[in-house]
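Structure, as structure tokens:
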Amino acid sequence: MVLVDSSVWIDHFAGRGTPETEWLDRAAGRRALVVGDLILAEVLQGFRADADFHKARRALSKFPVLFMVGEAVALRSARNYRALRARGITVRRTIDCLIATCCILRNVELLHSDRDFDPFEQHLGLSVVHP
């Protein structure tokens, strides 16, 4: 199962061809792709026009939604944040820490184009799709 991060969806909906969006286009229908509830909110809140919002909502509704945060993920996320900070790495966004932690705990691969996930892969075992 592969969780697609908002960084990839945003590029996809903007029509930007990146290695990650090209991988997404090839993998759709061939790999088990999921959209996280946090990512769904993050992506959809960025649309200004109602028509674009509804178009993206319909496109994203084709994928199962992964419920990402509960007490276990929240607590482990705080521990992961602290572990990285002890190494001198500051995670800039709480949502990235929650997403990475959810993937680690549930053994889900992450497709992203956001360097903020790199420390989670390097130090905490996050499994990442590298197109």
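Bear in mind that the values in this text are calculations on the coordinates, not laboratory data. Source: prediction; values computed, not measured. Note that each Cβ is placed from the backbone with ideal geometry, even for glycine, and that neighbours are counted across all protein chains shown.
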Selected from ALA28, ALA56, ALA86 as most flexible by GNM, with the chain as the system and alpha-carbon contacts under 10 Å: ALA86
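What fraction of the DSSP beta bridges in the range 2-124 is antiparallel, stated in percent and rounded to the nearest 5? Don't skip to the end; give the middle numbers.
Values: 0 of 8 bridges.
If I count the DSSP bridges inside the range 2-124, around 0 percent turn out antiparallel.
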Integer Hz, Karplus 6.51/-1.76/1.60 couplings in order for the range 52-60, x for Gly and Pro: 5, 4, 5, 5, 5, 4, 5, 5, 6
Pair ASN107, ARG58: separation of 7 Å Cα→Cβ label points (nm): 3.8
Charge-dipole axis of the range 2-124 as Lys and Arg at +1 and Asp and Glu at -1 on Cβ define it, positive-most pick from HIS123, LEU3, ALA56: HIS123
Check: the range 1-44 dipole with +1 on Lys, Arg Cβ and -1 on Asp, Glu Cβ, in debye: 220
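Let me have the 222 nm mean residue ellipticity of the chain computed from DSSP H runs of 4+ only, each contributing -39500 (n - 2.57), with the sum over all residues rounded to the nearest 500. Mind showing how you got there, number by number?
On the way: 7 runs with 72 residues, N = 131.
Result for the chain, helices only: -16500 deg cm²/dmol.
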Value of relative contact order over the chain, rounded to a whole percent, pairs C-alpha under 8 Å and six or more apart: 32
Point-to-point label distance, ALA32-ALA14, nm (Cα→Cβ direction, 7 Å offset): 3.1
Identified option (computed Kirkwood radius over Cα pairs in Å; candidates [x] 16.9; [y] 22.0; [z] 15.1): [z]
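For MET1, MET68, which order do you get if you count the other beta carbons within 10 Å of each Cβ and list the fewest first?
On the way: MET1 13, MET68 22.
Ascending number of Cβ neighbours within 10 Å: MET1, MET68.
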